[in-house]
Amino acid sequence: MPWHPASNWKPLTPGTGQATGGVWRTPDDQVVKRLVRGVTDPRHHAFWERQALVAESGVVAGTPGLRAPACLGVERDADGITLRMAYTPAVAWSAEGLAGALGRFAGCSVAEPDWGARDVLRDRLRTVERRGGWRALSRAGLATPAIEELWARRESALDILDGLPRVPTHGDAHPVNLLGREGDDVIAIDWEQFGLGPAGFDLGYLLLAVDVPLDDLVAAHGGEEAVRCGAALVAAYTGVSRAAWALTQPHPGDHLVGLAGVVEEAVGYLA
């Protein structure tokens, strides 16, 4: 019999993960997430089982800085996985508070599981390449010399990221996923891209989502130069890739606003 949610479950705004088939809140304050079959490579950033494996393993159940909600059950069937978690109420966090939490999480010791995401930015740039690169920016007259250099030297950037310390990463450190609080630590949801990645990876994602200078975020994170380098490179390549993709959509918006500074800084690391 096909799986379906109970009639008294309240739908929540679903995540954008490729494996997410729906998210609901139950009357007894559980969150139920349905995972549907998809990417089977356990190292790919979109590996469909990873969120369930994070919950089952407890690998980030008690980590400092960032941790997952309590796992209440994982049920597998022929069509997918039903993941049950404790409901996490949203609380107000400053961008600097989130950066500090990411710093404590990056500094903890986590054994890398054989299903942890690797090479997230490399995988995403390969997808961008298959879709034509950043040509949409050139056609729109938005490809500055710095953007063009960034694209031309993307392999050098990936090599630099490969040389940075590898640290625990949430993988999608947007404030909508960093919503709960337990003491000074953040309760984070949507661990689809969890793994070990280059220092600064999570901070780069946060930088794209908040209106706070990189200087302040790096200082709150811990002030390491490797973190600044990783954050600038990840933010620049991710942000410009998003802008190029947006230009192919009916309502693209202006995704390049505020990116000039981080693009220039990222190019500086390639010199």
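The values are calculated or read from the model by the stated rules, or taken from the named source; none is laboratory data. Computed from a predicted model, the values in this text were never measured in an experiment. Glycine also receives a Cβ, built like all others from the backbone with ideal geometry; neighbour counts cover every protein chain displayed. For the accessible areas, the whole protein counts, side chains as well, though only heavy atoms, and no ligand, DNA or RNA atoms are used. Shrake-Rupley method; radii C 1.70, N 1.55, O 1.52, S 1.80 Å.
Results, tabulated for the structure shown:
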| read-out | value |
| --- | --- |
| Rounded, prolate or oblate (a/c below 1.5 giving rounded, otherwise prolate when a/b exceeds b/c) for segment 10-86 by Cα gyration tensor | oblate |
| Read-out Cα extents along the principal axes in Å, derived from the coordinates shown; its label in (1) 78, 39, 27; (2) 55, 39, 33; (3) 82, 37, 36 | (2) |
| Amide proton proximity set for Thr20, modelled H, under 5 Å, gap of 5+ | Val36 |
| Surface accessible to a 1.4 Å probe, per residue, for the residues of segment 188-259, Å² | 38 |
| Within-13-Å neighbourhood charge of Thr238 [Cβ basis; K, R +1; D, E -1] | +1 |
| Added length on full extension, which subtracts the Cα-Cα distance from 0.36 nm per residue, Arg126 to Ala78 | 14.2 nm |
| Rounded accessible area per residue of segment 1-154, 1.4 Å, Å² | 51 |
| Rounded to whole Hz, the Karplus (6.51, -1.76, 1.60) HN-Hα couplings of segment 64-73, x for glycine and proline | x, x, 9, 8, 8, x, 4, 7, 10, x |
| Rounded to whole Hz, the Karplus (6.51, -1.76, 1.60) HN-Hα couplings of segment 149-158, x for glycine and proline | 5, 4, 5, 5, 10, 5, 5, 5, 4, 5 |
| Backbone N within segment 19-39 under 12 Å of label point (7 Å from Met1 Cα along the Cβ vector) | none |
| Label point distance in nm, Asp215-Lys10, each placed 7 Å from Cα along Cα→Cβ | 4.3 |
| Dipole in debye (nearest 20) - the chain, about Cα centre, beta carbon charges: Lys, Arg +1; Asp, Glu -1 | 800 |
| Percentage relative contact order, segment 10-86, counting C-alpha pairs under 8 Å, at least six apart | 27 |
| Apportionment of accessible area to carbon and sulfur, the chain, percent (1.4 Å) | 53 |
| Nearest-ten-degree value, helix 225-246 long axis tilted from longest Cα axis of the chain | 90 |
